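J.: Here it is: the structure, laid out below.
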Amino acid sequence: MPSLLQRVKSKMAIFAHRKARGMLDGEYGSVFRGRSLDFDDLRAYVPGDEVRDIDWKASARHGSPLIRRYVAVRRQTVLLVTDTGRNMAAEAWSGETKKDIAIRALGVLGYLAHRHGDVVGLVCGDSSATRSLPAKGGEEHLERLLRHVDTHTRLDGPPSRLQDQLEHVARNVKGRHLLFVVADELPADASTGQLLRRLRAQHEILWLTVRDADLAPSSPETMESSPGDSFSVADSALLASQPAASAAVAAAYATAVAQRDAERKAMLRAAGIVEGAVAASGDVMTGLFALLERHRRAG
């Protein structure tokens, strides 16, 4: 059986040259504000770096700005939180399953944590149960976490209910950790907003949304290439393709999606949580980089 983590590492290697991957490492290292750090090495300054991290004496000798990089003295705990209900087995905007995109994102963040010497745990589940795997280090452990998400996310599984997994974290996880939440387009409501504010008071939180499939084609060409009618994974209801060809229906659908997005963004913003979004597995590396950068700037 091919390694899920190896696929993630291969995509990371293809993504960018060494300098760009170093920038991604640096963005991850900035997440834990106030962590105890020791000097590690120097690298070239790139736009967006903190001016206070420039080593001016070394820069003068080198002839161009150099940034001091640090490593953590104390290991931190990263908790991957994701939905393994059947919603995540449905198609994403790209046509891939949302599960595959989530595994890519969880793997990249988990591997960054591993490279920094941090330990990684997992909380996942659906409306019927929440499962928690303790935080440990090592690539074999990270592979087990990814494999767990892969095997438990099925179209014939129970419905999704991410609020149950978030409530589990709020009740049972002690101390301050980094929560990396990967989910689809979570509807906003008052109780979820209150739960998120409670979690944010204790933890650092990164939130990545996997975009749902587009059910209203935006052009006749897209409509022609559509495979036809679909079914909702939530309740097996028919999602007929023909009504979506109507301009009025497509416009109403786009308005509803925009409103739902705005409500979710407002809920997360009110809780002090920075959100990123990806529509395909190919978006994960750039999406995570942008998310980490926005988190750093928000802090």
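J.: Between residues in region 247-271 that are in contact (Cβ under 8 Å) with a residue 40 or more places away in the chain and residues that are in a helix (DSSP H, G or I) and open to solvent by less than 60 Å² (accessible area, probe 1.4 Å), which pairs lie under 6 Å by C-beta distance while being six or more apart or on different chains?
T.: Met267/Gly193; Ala271/Leu196; Ala271/Arg200
J.: Hey, another quick one. In the list Asp235, Asp229, Asp283, which residue meets the criterion of being of a type outside the set (Gly, Ala, Ser) and at pLDDT 65 or above? Before the answer, list the steps.
T.: On the way: Asp235 fails: at pLDDT 65 or above; Asp229 fails: at pLDDT 65 or above.
Going through Asp235, Asp229, Asp283 in turn, just one is of a type outside the set (Gly, Ala, Ser) and at pLDDT 65 or above: Asp283.
J.: Could you please find all residues in region 162-211 being of a type in the set (S, T, N, Q), open to solvent by less than 10 Å² (accessible area, probe 1.4 Å) and more than 13 Å from Leu79 (Cβ to Cβ)?
T.: From region 162-211, those of a type in the set (S, T, N, Q) are 163, 165, 172, 191-192, 194, 202, 209; that's our starting set.
After this cut, where a residue has to be open to solvent by less than 10 Å² (accessible area, probe 1.4 Å) as well, the list is 165, 192, 209.
Within region 162-211, Thr192, Thr209 meet the criteria.
J.: Checking Glu140 against (1) in contact with a helix residue (DSSP H, G or I) (Cβ under 7 Å, 6 or more places away or on another chain); (2) without any contact (Cβ under 8 Å) to a residue 12 or more places away in the chain: exactly one of these is not met. Which one?
T.: (1)
J.: A further question follows. How many of the residues in region 265-299 are open to solvent by less than 50 Å² (accessible area, probe 1.4 Å) and over 15 Å from the mean Cα position of the chain (by Cα)?
T.: 5
J.: Quick check: is even one residue across region 75-88 open to solvent by less than 30 Å² (accessible area, probe 1.4 Å) and at pLDDT below 90? Please lay out each step first, then the result.
T.: Narrowing region 75-88 to residues open to solvent by less than 30 Å² (accessible area, probe 1.4 Å): 76, 78-85, 88.
Right, trim to at pLDDT below 90 and you get 76.
So far as region 75-88 goes, yes, one or more of its residues are open to solvent by less than 30 Å² (accessible area, probe 1.4 Å) and at pLDDT below 90.
J.: Quick one: is Val119 more than 22 Å from Leu186 (Cα to Cα), surrounded by 15 or more Cβ atoms within 10 Å (Cβ to Cβ) and without any contact (Cβ under 8 Å) to a residue 60 or more places away in the chain?
T.: Yes; evaluated as a whole, the condition is true for this residue.
The values are calculated or read from the model by the stated rules, or taken from the named source; none is laboratory data. Please read all numbers here as calculations on a predicted model, not as lab measurements. Glycine also receives a Cβ, built like all others from the backbone with ideal geometry; neighbour counts cover every protein chain displayed. Surface accessibility is based on the protein's heavy atoms, side chains included, excluding ligands, DNA and RNA. Shrake-Rupley method; radii C 1.70, N 1.55, O 1.52, S 1.80 Å.
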